[in-house]
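Student: Encoded as structure tokens, here's the structure I'll be asking about.
Taken together, the values in this text are just the output of simple stated rules run on the coordinates, not laboratory data. Quantities reported herein were computed from a predicted structural model and do not represent experimental measurements. Cβ placement follows ideal geometry from the backbone for every residue including glycine, while neighbour counts extend to all protein chains displayed.
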Ligand SMILES: [Zn+2]
């Protein structure tokens, strides 16, 4: 029992949470003694748990960008399907692109948000190697993007808001993906998303990896979980291509400005959704609660807008993006 | 440098063919074809629209060369020519991005990776964009995105068809997220063009990959490609690393895209202008 717990605790820790390891070991010992019934350890356990939380708070108060990357990619980070089940009611998953196949890396469906019919879609990762394999780590193929577009058009036809969840290292760079037009699938989504006549909210929940992320992320509002990332290339990719040194991912992560705080400053996103201490995986219910509040808050002002206003709102948002000199 | 040395250098460069191909240096009388190795008299090559007379290899064109082929009577006017890139993130990899921009301007003689013009093609008014691979690999940053969007908006205002020649390694990573956002901006602009029922012809030239292929290059009402051009979402090396096997010959080349239904036709350079005029007339009449 104690062993299983300890193993569980170790698994919960991120690489930079090392200082917590010792504390958790102590906690396990106290619990073992306590459960043996010889002494009442509850007060000691309570104090130690408090200390663990305080230490965690300290660590998370000053994460550097590459540590944020580790949180964003953490195997225990809540997935799209988990957020969907925590935030919405009556979710029904819909499958397939009606053309080639059903892409398990992209999920889509219909649901209720506080009684309102909405369409949800997003990348799906997982919590184990097995799930990663089954879901291709959330790296969608063209059929995934085409499924997403099919569902977005369904939303449009019946005038339902769209909520998209973004968590992918990128669109899948495979042989079949190229044969079936990965570039065309993403490009078309971008153009079509710009023209959607319904309110559209996108949330970066974990990894916002380049075109694969953007391919479902052109909301009227783009929100980011506090410890998620959004970037044109992975820090590792940037390090090896631009820095010519694959070991400099940490420097690349700093230089690229990929954290929620950076992107809010650049006006690329509209809001940061606060995460529980220790990251969303440390308290998924609280993370989902915060996310739900943010969705409702951002959806509210979009609901009364006309089709024309919604398109104009989105066009102006993306039209403004870019920094350059003139003259 | 002797011609012999120069040929040797070209041979070395061929090994990194995906990414770089030096443009003609004026004064070099002979050019060696990258594909078949044929030595071609530079003037013959120019007269043949920079297509190898022996094997048909299409050499890369600068924007100026492309405009000269397209508008032999010089009937075009550049717009938004004063836009330049800026290092707004203070990005520095092996070199400061600001310095990289300056050097690229010096070396390529262009201010950024796209030139946009309004012109007349056989009397037909058009809005045309031509990308420049010589400027930082044709990468798309804020300037490329902005000039593209302005070109499309000008076309909407004047009710003109849009023609864009793409060549790009992808997003300009030195502008990080802002380069990604240009994909959204350019595609949204094309949505507006479409709403206005104005035609957009995209010509994909060697190479067109990454963020440019996954946005405006693939969105033509008609997509044309020059023969043998590398066109794809991911670069061949990334795919090889992912699937851990060698790619089949011809993979991601124009002819492959035609076979897989991604482009309407492979068009040789000598036929390009006539094809464009025919298409424009189809849309107009
Ligand atoms: Zn040749």
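Student: Running a GNM on chain A with Cα contacts under 10 Å, which residue among A:176, A:37, A:109 ends up with the highest mean-square fluctuation?
Tutor: Of the options given, A:37 has the highest mean-square fluctuation.
Student: Next question. Report relative contact order for the range B:34-148 in percent, whole number only (criteria: Cα-Cα under 8 Å, sequence separation at least 6).
Tutor: 23
Student: For chain A, what size does the Cα cloud have along each of its three principal axes, sorted from largest down, in whole Å?
Tutor: Projected onto the principal axes, the Cα atoms of chain A cover 70, 51, 40 Å.
Student: Add -39500 (n - 2.57) for each DSSP H run of 4 or more in chain A, then divide by its residues: what number comes out at 222 nm, to the nearest 500 deg cm²/dmol?
Tutor: Using -39500 (n - 2.57) per qualifying helix, the result is -15000 deg cm²/dmol.
Student: Considering only DSSP beta bridges with both partners in chain B, what is the antiparallel share in %, to the nearest 5?
Tutor: Looking only at bridges with both residues in chain B, the antiparallel portion is about 50 percent.
Student: Let me ask something additional. Which percent, to the nearest 5, of DSSP beta bridges fully inside the protein assembly as shown are antiparallel?
Tutor: In the protein assembly as shown, DSSP labels about 45 percent of beta bridges as antiparallel.
Student: Using all C-alpha to C-alpha distances in the range A:19-62, build P(r) with 10 Å bins and read off the rounded percent in each one.
Tutor: 29, 47, 18, 5, 0
Student: Continuing with this model, one more query. Considering Cα pairs under 8 angstrom that are at least six residues apart, work out the relative contact order of chain B and quote it in whole percent. Mind dumping the intermediate values first?
Tutor: On the way: 489 pairs, mean separation 35.3, N = 285.
With pairs under 8 Å counted, the relative contact order is 12 percent.
Student: Just to confirm my numbers, what's the Cα centroid distance between the range B:132-173 and the range B:175-191 in Å?
Tutor: Comparing the Cα centres of the range B:132-173 and the range B:175-191, I get a distance of 10 Å.
Student: Then there is this: If you take the beta carbon distance between residue B:122 and residue A:53 as r and set R0 to 60 Å, what does 1/(1 + (r/R0)^6) give as a FRET efficiency, to the nearest 0.05?
Tutor: Rounded to the nearest 0.05, the efficiency is 0.20.
Student: Let me ask you something else. Could you identify which residue out of B:127, B:259, B:214 has the top mean-square fluctuation in a GNM of chain B using Cα springs shorter than 10 Å?
Tutor: B:259
Student: While we're on this one: Normalise the Cα radius of gyration of the range B:209-269 by 2.2 N^0.38 Å (N = residues in it) and let me know the number.
Tutor: 1.13
Student: On alpha carbon coordinates alone, what is the Rg over Rh value for the protein assembly as shown, Rh being the Kirkwood radius?
Tutor: In the protein assembly as shown, Rg relative to Rh is 1.02.
Student: Let me ask something else about it. How much of the DSSP bridge set in the range A:69-319 is antiparallel, in percent, rounded to the nearest 5?
Tutor: Rounded to the nearest five, the antiparallel share is 40 percent.
Student: Which shape class applies to the range B:154-277: rounded if a/c is under 1.5, otherwise prolate when a/b exceeds b/c and oblate if not, where a ≥ b ≥ c are the square roots of the Cα gyration tensor eigenvalues?
Tutor: It comes out oblate by the Cα gyration axes.
Student: Is chain B rounded, prolate or oblate when judged by the Cα gyration tensor, a ≥ b ≥ c being the square roots of its eigenvalues, rounded requiring a/c under 1.5 and prolate requiring a/b larger than b/c?
Tutor: Because its axes are fairly even, with a/c under 1.5, chain B counts as rounded.
Student: Ok, one more. Going by how many other Cβ atoms sit within 10 Å of their own, how do A:308, A:95 line up, fewest first?
Tutor: Placing the least packed residue first, the sequence is A:308, A:95.
Student: Taking every residue in A:167-180, how many Cβ atoms of other protein chains lie within 10 Å of its Cβ, on average? Intermediate results must be reported in sequence, preceding the final value.
Tutor: On the way: counts 0, 0, 0, 3, 3, 4, 12, 6, 10, 1, 5, 13, 9, 3.
Other-chain Cβ atoms within 10 Å of each residue's Cβ, averaged: 5.
Student: Taking 8 Å as the Cα distance limit and 6 or more residues as the minimum spacing, I'd like the relative contact order of chain A as a percentage.
Tutor: 14
Student: Which of B:174, B:99, B:182 moves most in a GNM of chain B, Cα contacts under 10 Å?
Tutor: The residue with the greatest mean-square fluctuation here is B:99.
Student: How big is the gap, in Å, between the Cα center of the range B:98-126 and the Cα center of the range A:72-146?
Tutor: 42
Student: Moving on to the next point. If you take the square roots of the eigenvalues of the alpha-carbon gyration tensor of the range A:83-197 and sort them as a ≥ b ≥ c, do you get rounded (a/c under 1.5), prolate (a/b over b/c) or oblate?
Tutor: Taking the square roots of the gyration eigenvalues as a ≥ b ≥ c, the range A:83-197 is oblate.
Student: Also, I was wondering about something else. Please report, in whole Å³, the volume per residue of the convex hull around the C-alpha atoms of the range B:150-193.
Tutor: Details: hull volume 3.0 nm³, N = 44.
So the per-residue Cα hull volume is 69 Å³.
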